[in-house]
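Report on the structure given below.
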Amino acid sequence: MTSAPSGSEGAGEASSAFSRLHPGIQRWIWEEKWGELRPTQAQAVAPILGGRTDVIVSAATASGKTEAAFLPMLSALAAEPATSPGIEILYVSPLKALINDQFDRLSSLAGSADVAVHRWHGDVPGNQKSAILAKPTGLLLITPESLEALFVLRGSQISTLFGALRYVVVDELHSFIGTERGAQLQSLLHRSELAIRRRVPRVALSATLGDMSSAAEFLRPGGGDTVLQIIEDDDGQALKLQVRGYVTTDPSLPGVTDDAAESDERAQAAIAQDLFDTLRGSDNLIFANERRNVEVYADLLANKCGALRVPNEFFAHHGSLSKELREFVEARLKDHSQPANAVCTSTLEMGIDVGDVRSIAQIGPPPAVSSMRQRLGRSGRRGDAAVLRVYIAEEEVTPATPPPDALRPQLVQTIAMVNLLLEHWYEPSVSSDLHLSTLIQQLLSLIAQHGGVQAAEAFSALCAAGPFSLVGSKQFAELLHNLGSTDILVQAKDGTLLLGPAGERIVNHYSFYAAFKSVEEWRLMHDGHALGTMPVNFSLAPGRFLIFAGRRWRVTGVDAQHKVVDLVPAPGGKPPLFKGSPVPVHDYVRAEMLKVYQRADIPAYLDAEAAKLLTEGRANFARLRLNERRLVQDGSDSYLFLWAGDRVVNTVIAILAATELRATPDGLAISVAKVTPVELAAQIMAILVGDQPDPVELAETVENKAVGKYDDLIPEPLLSVAYAARSLDVPGAWRSLQEVVDSSTGQRE
């Protein structure tokens, strides 16, 4: 691992690195009026110019990571022009918007080295793609899904298209690690090398990485120890932080009046008012976690502008909006002649350049520590302090409030995440996932690419020497057998695997190229124009209301067959909202939450209401005696506090369910119905007397294991193996249950 040099040593390295760049690239640097190369850029020159080393460049947003990769790569291409047709640099991005942004950014730099730049994704016109195929050259910017489509539709051309390939760039590496999309990318890069029969150096760029060794292993499966890590230390960046607290009333509680039920709206209005007062007149990003919150707050803030009869400065930005609406918001953020605030999901978390933003607002706890760091990196980009405002709304505690909710968990989780952020800890990926759903996709893609493949060759390409190395030959054969029994695959007389009728339908459908499972979206139309799409999980009928793109709409027509909703603008109404999905919480976050409860200090960044909420949460923690016990009775039920992450929680629930206990996750705890703490402790002790359960056998007792896109094509025994690897932690669960027993024993003594 290398780190940035300092002082005269750093300046000397920058000068030496500059001298190694191609004269055209040097000229471009001078024309851009750079004083010198940044330390990260200087360190990257020699290994990337050498053309043999895989490299990870990890540095803060807007630190010049892109140039760190492309200055030496383009210099190498300019010094030794290709002698045969073919793409020379393959750049893979998770976002089309980021590709468009990098296309504009790199065109000038690549032009100084006389290297052509092309982009390829769903919005690029067909004639431009045809031109690339007719004369492949230079730098190609592409998404994993479009790269997949090339393999499926242009399989015979892959070896020619990438015959001159010299470098592969993976941008926003952290967004791929541990995901189905990441497994797809690993497979596609491996298959590219198989097609051209040589290894190509890979350069990865990322601002936030939790575990550098696992990131290196992801970039080069089986060879992570050979990957060079160039890391820029951002310890010097100042952080300005405030967490603001609000109280709402749970409308489901007995005796709640209509006025009390509206307290959630009052809290939203109060948060919106602070956002309006604080952010108006400058450029900021407001992360609202879920699309439903994006729409609510964009609507509230736009209405405030309308009430004052001033131009709107607050705009919704999420993945269901049309391309035109998203690009409008992005353009407004870049145009510093007029202020703009984007209320967004994670769509603006990654590296698309929206210019300098003054601050980041976060409504609710961040999804993860790594997300918090990534979002925070969007501000303070010119050496200024990074500014983060977090808004937390907690429900009022009443005698009917369940114990977990009385602990002010959202606020405490936010504090825990801030603590871990300041310690530079970020969530590592789950490296045990078999990614069987994506393996099926890649198997079908491989067959489509070659028109058929031998089973042994497929196993070698994808598993034995490929990215799905955790899948053994017996498991692969079991998967093939199941695919054959459902007409996904057929086998020719010579043993060649071919697509069966069902497999042809899957591969020929436009949705095949994505490895992830898409929610069924409905198209929203107004006056013949598409507004975008949204998942509909509530009843829609003419006259109903909804919020979309930061505006209120009234439904005028519903076409269920074609999934189309016609809308007209509406001034009011009670709208149904988007429904989000939770993000798994890591062990370290829950353990840090326990430490927050056990301490007495009040973080200086909490406002008065948030400080009061923390004090109340700690008082309830003490009242429930959670510092000395893990089991709490609430009526006829018990709550089990493990202070462990969601993998451990999932495992404990499965273990308890095997004894016919009705256990369900409930925020910070597990609720167990119709049992007292004493009875539950006794049952846990009885469980611990036996051996630890086999993870796969435990997974067999779990229902609804199919979460991946093609999990319904996986035989049940193999699905249990995959679930156990991905979602269960038996040793961790066993340790947590032992801690529960120890605390119960201490209580009795």
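Enumerate the strands (runs of 3 or more DSSP E) found wholly within segment 425-539, keeping only those where 1 or more residues are on the phi > 0 side of the Ramachandran plot and not assigned by TED's automatic domain parsing to the domain that holds A549. Fully inside segment 425-539 and qualifying: nothing. Within segment 689-714, residues that are part of a loop (DSSP other than H, G, I, E, B) reach partners that are of a type in the set (D, E, K, R) with beta carbons closer than 6 Å, at six or more positions or on different chains, in the pairs A706/D712; K709/K517.
A quick yes/no check of all residues on (1) in contact with a His (Cβ under 7 Å, 6 or more places away or on another chain); (2) crowded, with 21+ Cβ neighbours inside 10 Å:
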position	(1), (2)
R326	yes, yes
A331	no, no
K334	no, no
T345	yes, yes
R358	no, no
I363	no, yes
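Residues in segment 101-124 that are touching a residue at least 24 places away in the same chain (Cβ under 8 Å), in a helix (DSSP H, G or I) and of a type outside the set (A, V, I, L, M, F, W, C) were compared, and the one that is surrounded by the most Cβ atoms within 10 Å (Cβ to Cβ) is Q102.
State yes or no: is L185 over 16 Å from G86 (Cβ atoms), of a type in the set (A, V, I, L, M), surrounded by fewer than 23 Cβ atoms within 10 Å (Cβ to Cβ) and touching a residue at least 40 places away in the same chain (Cβ under 8 Å)? Working first, answer last.
On the way: over 16 Å from G86 (Cβ atoms): yes; of a type in the set (A, V, I, L, M): yes; surrounded by fewer than 23 Cβ atoms within 10 Å (Cβ to Cβ): no; touching a residue at least 40 places away in the same chain (Cβ under 8 Å): yes.
It is false that L185 is over 16 Å from G86 (Cβ atoms), of a type in the set (A, V, I, L, M), surrounded by fewer than 23 Cβ atoms within 10 Å (Cβ to Cβ) and touching a residue at least 40 places away in the same chain (Cβ under 8 Å).
When R154, R166, R197 are checked against the criterion of being basic (K, R), surrounded by fewer than 19 Cβ atoms within 10 Å (Cβ to Cβ) and at positive phi, a single residue qualifies: R197. Of all residues in segment 627-661, those satisfying the criterion of being closer than 21 Å to P399 by Cα and either among the hydroxyl-bearing types (S, T, Y) or out of contact with any helix residue (DSSP H, G or I) (no Cβ under 7 Å at 6 or more places or on another chain) (or both) are G635, S636, D637, S638, Y639, F641.
Give A622, A644, A600 a once-over and let me know the one that is in a helix (DSSP H, G or I) and more than 30 Å from V555 (Cα to Cα). Break it down into steps so the answer makes sense when it comes.
Working: A644 fails: in a helix (DSSP H, G or I); A600 fails: in a helix (DSSP H, G or I).
The match here is A622.
Is it true that R735 is assigned by TED's automatic domain parsing to the domain that holds N650, at pLDDT 95 or above, touching a helix residue (DSSP H, G or I) at 6+ places or on another chain (Cβ under 9 Å) and not β-branched (V, I, T)? For R735, the condition - assigned by TED's automatic domain parsing to the domain that holds N650, at pLDDT 95 or above, touching a helix residue (DSSP H, G or I) at 6+ places or on another chain (Cβ under 9 Å) and not β-branched (V, I, T) - is met. Among the residues of segment 378-404, those identified as surrounded by fewer than 23 Cβ atoms within 10 Å (Cβ to Cβ) and part of a loop (DSSP other than H, G, I, E, B) are R381, R382, G383, D384, A385, E396, V397, T398, P399, A400, T401, P402.
Rundown of residues vs (1) in contact (Cβ under 8 Å) with a residue 40 or more places away in the chain; (2) in the same structural domain as S175 (by TED's automatic domain parsing); (3) more than 19 Å from the chain's Cα centre (by Cα); (4) not in a loop (DSSP other than H, G, I, E, B), yes/no style:
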{"site": "P311", "(1), (2), (3), (4)": "no, no, yes, no"}
{"site": "G319", "(1), (2), (3), (4)": "no, no, no, no"}
{"site": "E330", "(1), (2), (3), (4)": "yes, no, yes, yes"}
{"site": "S337", "(1), (2), (3), (4)": "no, no, yes, no"}
{"site": "M350", "(1), (2), (3), (4)": "yes, no, no, no"}
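Residues that are part of a helix (DSSP H, G or I), without any contact (Cβ under 8 Å) to a residue 24 or more places away in the chain, assigned by TED's automatic domain parsing to the domain that holds I158 and surrounded by fewer than 18 Cβ atoms within 10 Å (Cβ to Cβ): does segment 69-80 have at least one? Scanning segment 69-80 turns up no residue that is part of a helix (DSSP H, G or I), without any contact (Cβ under 8 Å) to a residue 24 or more places away in the chain, assigned by TED's automatic domain parsing to the domain that holds I158 and surrounded by fewer than 18 Cβ atoms within 10 Å (Cβ to Cβ).
The values are calculated or read from the model by the stated rules, or taken from the named source; none is laboratory data. Model, not experiment: these values are computed from the prediction. Heads up, the Cβs are rebuilt from the backbone with ideal geometry, glycines too, and the neighbour counts pull from every protein chain shown.
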